[in-house]
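K.L.:
Please read through the structure below; I'll follow up with questions.
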Amino acid sequence: VAPQHLGATAILIESHGKAAELSLIQRLQCEALDFRAPARQRAWIKHCLAGYHHAIGDFTTASTLYQDSNELAQAAEPSGYRRDSHSAQCLEIREAFHPDATGHLIAEPGNEPPEPCVPVFIVGVPRSGTTLTEQILARHSRCIGMGERPYASKSLAWLRAMQSHSSQPLGDALLNASKAQLHELRQNYYELLKPHYRHYQASEPPFVIDKMPDNYQHIGWLKLLFPEAKIIYAKRDPKEIALSCWRANFGSIKWAFDPTDIGHRIAEHMSLMSFWMAHDGHHMLVSDYRDLVRNPREQAERLLSFLGLDWEDACLDHTKNQSVVATASLRQVRQPIYTSSLDMWQQYQSSLAPAFEQFERLASGPK
C-alpha cells in the first residue's frame, strides 16, 4: 500500500482507526480543502475524516464532517429523493394488499409435489440487522445466503407484463390476476433461485435466503406467491438506524443523505410494517437487533427454530462466513458480533433531530 495515494491513505486511516498516523489525517484534511476536486471525491474524503473523529470520540467534529460529506454527495446526484412519491407508493401497497382485495388469489391446499427449496426473506431497512441475520443463518448447513436480490420487484413487473399493461396501478394488476398466472409466476421465481443452490447436495431442501431490505414493501406479494415462505423482520431502534444510515456513505441510496429524508423513509417503513404485522404478523418472526447483538446464541436459536432447523455451532462462528457480502455492512460481518453501536445516536441528537422528531410523532399518533 502506497500512502501517497488518496485511496491508500483512506484505507490506512480506516484500518488503524484511532491509532491512525497524524500525517495521514493531515493529508486528507488538506485534500478536503481543495475546492477544485470533484464533489464526490471531497464527500468521500470528508466521510473518511468523519469516521476517524467518530473513532476517537470527537463527535462534534465528526457530526460536522458527516453533514458536509452528505451534502456534497447529495449535490452530486442528478435527481433527489421524492418523499411524496414514496408515501404514495406505500399507500398504494396498503390498499392493494388489503385482505379483501386479494382473496381471489389465495390458493387452496393441494397435493402438488414439494418445491426444491424454501424461500426465506429477511426484511427491514438498511442497517437494521438484515445482513447480520442472514450471515448467522447462512452458516447453517441447510441455508444458502443470496445477499440482496431484486427478484420480488422483478416478479411484479412480470405480472404487469402478463396483462400487457406495465404501468397499471398495483391494485388493478392484482384484481385482474388469475391463480394460473400466479402459479406461473411462482415457478418462474423458483427458476431465478435455482442457480443459488445448484451445488447443494443434501437430500432435504435448502433454505434460500434473500436479505433485500426493501422487500418489506412486497410482503403481501411474497405471501401470495409463497405461502410457505419464511419472513423475518429485522427490527431495530429507528434512531440507531437513522444514525447508521447517515454515517454509512451509501452513495446510491438517495434518502440517506438528509436527516429529514431518512426520518421520512424509516417512518413510512414502520407504518407499513405495522400494517403487515396487523394482518399477517403471526406468520412472521420479529428479530430485534438489540437482542441479537446482546444475546446472539439465544436469538440465533429463535431464528433456527422459526425455520424448523436444529442448532449448529457454526452459526455463531464468524470465521466460517463463506457468503458474499456486497453491502455497506461488509466490514461489520467480517468481525465478531458487537454492541458498540447501541445508543450511539445520543451523540448525534442535534444533527439528526429532523429524523427523530418524525419518529416521535409516529409513536404518539393514533394506534
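The values are calculated or read from the model by the stated rules, or taken from the named source; none is laboratory data. Everything numeric in this text was worked out from a predicted model, so none of it was measured. Cβ sites come from the backbone with ideal geometry, for glycine too, and all protein chains shown count toward neighbours. Side chains included, ligands, DNA and RNA excluded: accessible areas come from the protein's heavy atoms. Shrake-Rupley method; radii C 1.70, N 1.55, O 1.52, S 1.80 Å.
K.L.:
For Asp317 and Arg198, FRET efficiency with R0 = 25 Å and r from the beta-carbon atoms, rounded to 0.05?
P.N.:
Values: r = 25 Å, r/R0 = 1.01.
Working from the Cβ atoms, E equals 0.50.
K.L.:
Now for a separate question. So which lysines pass the test for Lys254, namely a Cα distance under 19 Å, with those fewer than 8 places away in the same chain ruled out?
P.N.:
By straight Cα distance, Lys254 reaches Lys46, Lys239.
K.L.:
With springs connecting C-alpha atoms under 10 Å apart, model the chain as a Gaussian network and identify which of Ser23, Ser341, Ser166 has the largest mean-square fluctuation.
P.N.:
In this elastic network of the chain, the residue with the biggest mean-square fluctuation among Ser23, Ser341, Ser166 is Ser23.
K.L.:
Run the numbers for His16 and Asp34: contour at 0.36 nm per residue of separation, minus the present Cα-Cα distance, in nm.
P.N.:
4.0 nm
K.L.:
Sorted from largest down, give the three principal axis spans of the alpha carbons of segment 1-65, whole angstrom values.
P.N.:
On the principal axes, segment 1-65 reaches 30, 28, 15 Å in Cα extent.
K.L.:
Explain nothing, just compute: Karplus ³J(HN,Hα) = 6.51 cos²θ - 1.76 cosθ + 1.60, θ = phi - 60°, for every residue of segment 198-208 in order, whole Hz, x for Gly and Pro.
P.N.:
Taking θ as phi minus 60°, the curve returns 5, 9, 6, 10, 5, 6, 7, x, x, 9, 9 Hz for segment 198-208.
K.L.:
Determine, from the Cβ-Cβ distance of Arg82 and Gln346 and an R0 of 45 Å, the FRET efficiency 1/(1 + (r/R0)^6), rounded to the nearest 0.05.
P.N.:
Computed FRET efficiency for Arg82 and Gln346 comes out at 0.90.
K.L.:
Let me ask you something else. First measure r as the distance between the Cβ atoms of Ala157 and Ile56, then evaluate 1/(1 + (r/R0)^6) with R0 = 41 Å and state the FRET efficiency to the nearest 0.05.
P.N.:
0.30
K.L.:
To continue, here is another question. Which ³J(HN,Hα) values in Hz, rounded to whole numbers, follow from the phi angles of segment 275-290 under the Karplus curve 6.51 cos²θ - 1.76 cosθ + 1.60, where θ = phi - 60° and Gly and Pro get x?
P.N.:
5, 5, 5, 5, 9, 8, x, 5, 9, 10, 10, 8, 10, 7, 4, 4
K.L.:
Could you pull out every residue, at least 5 positions away or on a different chain, whose amide H is within less than 5 Å of the one on Phe207? Hs are placed 1.01 Å off N in the peptide plane, and Pro or chain starts have none.
P.N.:
Result for Phe207 returns Val118, Cys143, Ile144.
K.L.:
Give the share of C-alpha pairs in each 20 angstrom bin for the chain, from 0 to the last occupied bin, in whole percents, shortest bins first.
P.N.:
Going out from 0 Å in 20 Å bins, the chain shows 26, 55, 19, 1 percent.
K.L.:
Taking only protein heavy atoms into account and a 1.4 Å probe, give the accessible area per residue of segment 5-143 in Å². Mind dumping the intermediate values first?
P.N.:
Details: 6900 Å² over 139 residues.
Per residue, segment 5-143 has 50 Å² of solvent-accessible surface.
K.L.:
Considering only protein heavy atoms and a probe of 1.4 Å, how much of the accessible area of segment 78-208 is carbon and sulfur, as a whole percent?
P.N.:
Solvent-exposed carbon and sulfur of segment 78-208 make up 52 percent of the total.
K.L.:
Another one. Just want to confirm a number: the relative contact order over the chain, from Cα pairs under 8 angstrom separated by 6+ residues, in percent.
P.N.:
That works out to 21 percent.
K.L.:
Okay, moving on. With every atom except the alpha carbons ignored, what do you get for Rg and Dmax of segment 205-282, in angstroms?
P.N.:
So, for segment 205-282, Rg and Dmax equal 14.2, 44 Å respectively.
K.L.:
Which order do the peptides 266-273, 152-159, 120-127 take when ranked by the mean count of other beta-carbon atoms within 10 Å per residue, highest first? Intermediate values should be presented prior to the final figure.
P.N.:
Numbers: 266-273: 20.5, 152-159: 16.1, 120-127: 26.6.
Result, highest mean Cβ count within 10 Å first: 120-127, 266-273, 152-159.
K.L.:
Once amide H atoms are built 1.01 Å from N in the peptide plane, which residues 5 or more positions from Val286, or in another chain, come under 5 Å H to H?
P.N.:
Those qualifying (amide H under 5 Å, at least 5 residues apart or on another chain) are Tyr233.
K.L.:
In whole Hz, with x marking every Gly and Pro, tabulate ³J(HN,Hα) for segment 250-258 from phi via Karplus 6.51 cos²θ - 1.76 cosθ + 1.60, θ = phi - 60°.
P.N.:
After applying 6.51 cos²θ - 1.76 cosθ + 1.60, I find 5, x, 7, 8, 5, 7, 8, 7, 10 Hz.
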